[in-house]
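Student: Could you have a look at this structure, given as C-alpha cells, before my questions?
The values are calculated or read from the model by the stated rules, or taken from the named source; none is laboratory data. Every value quoted in this text rests on a predicted model; they were computed, and no experiment measured them. So basically every Cβ, Gly included, is an ideal-geometry build from the backbone, and we count neighbours across all protein chains shown.
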C-alpha cells in the first residue's frame, strides 16, 4: 500500500478518481488529474497527469502518462513524460521510457529503460558540436 512518507508529494494527494480493489476496467482509460487504481485495468491508459497504482493494482497494456507511482503489477510498456516511481512490492514486466526513474529496493523490473529526457539533451550537444566543425 502506498503510505505517507513514501515519496508521494502533496501535489498527488488530491485524487480525482478511484478504481478500488475488485473493480475491473477494459478499454482505453483517459483522464485528467490524479487517479488511483487498486483493481484491474486491461487496455491503454492515457493522460498527461498522475496515475497511482496501489499494491493490489494489476495493469495490463500500454501506459502513457505524465507521472506514475506504482506498488502494483504492470504488464506492458510505460511511457511517462515526467516521472516513474516504483515502490516495493511493485512489478514491471515491460519497457520504461521516462526522463526520471525511481525504483526502490524490493521491486521486480523485467524490461529495458530509456531515459528519454537525458538522451535528447545529450544528442543535442553532439549535434551542436558536429555543426561547429
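Student: Please state which of the following conditions residue 106 fails to meet, knowing it meets all the rest: (1) at negative phi; (2) modelled with pLDDT of 95 or more.
Tutor: Only one criterion is unmet by residue 106, namely (1).
Student: Which condition from (1) surrounded by fewer than 22 Cβ atoms within 10 Å (Cβ to Cβ); (2) under 12 Å from the mean Cα position of the chain (by Cα); (3) at negative phi is the one that residue 76 breaks?
Tutor: (3)
Student: If you check residue 35 against the conditions, is it in a strand (DSSP E or B), in contact with a strand residue (DSSP E or B) (Cβ under 6 Å, 6 or more places away or on another chain) and under 21 Å from residue 106 (Cα atoms)? Step through it out loud before you land on a result.
Tutor: On the way: in a strand (DSSP E or B): yes; in contact with a strand residue (DSSP E or B) (Cβ under 6 Å, 6 or more places away or on another chain): yes; under 21 Å from residue 106 (Cα atoms): no.
Considered against the rule, which asks whether it is in a strand (DSSP E or B), in contact with a strand residue (DSSP E or B) (Cβ under 6 Å, 6 or more places away or on another chain) and under 21 Å from residue 106 (Cα atoms), residue 35 comes out as no.
Student: Give all pairs with beta carbons closer than 7 Å in which a residue from the range 100-115 that is in a strand (DSSP E or B) meets a residue that is at pLDDT below 95; count only pairs at least 6 apart in sequence or on separate chains.
Tutor: Short answer, once both residue conditions are applied: 101/115.
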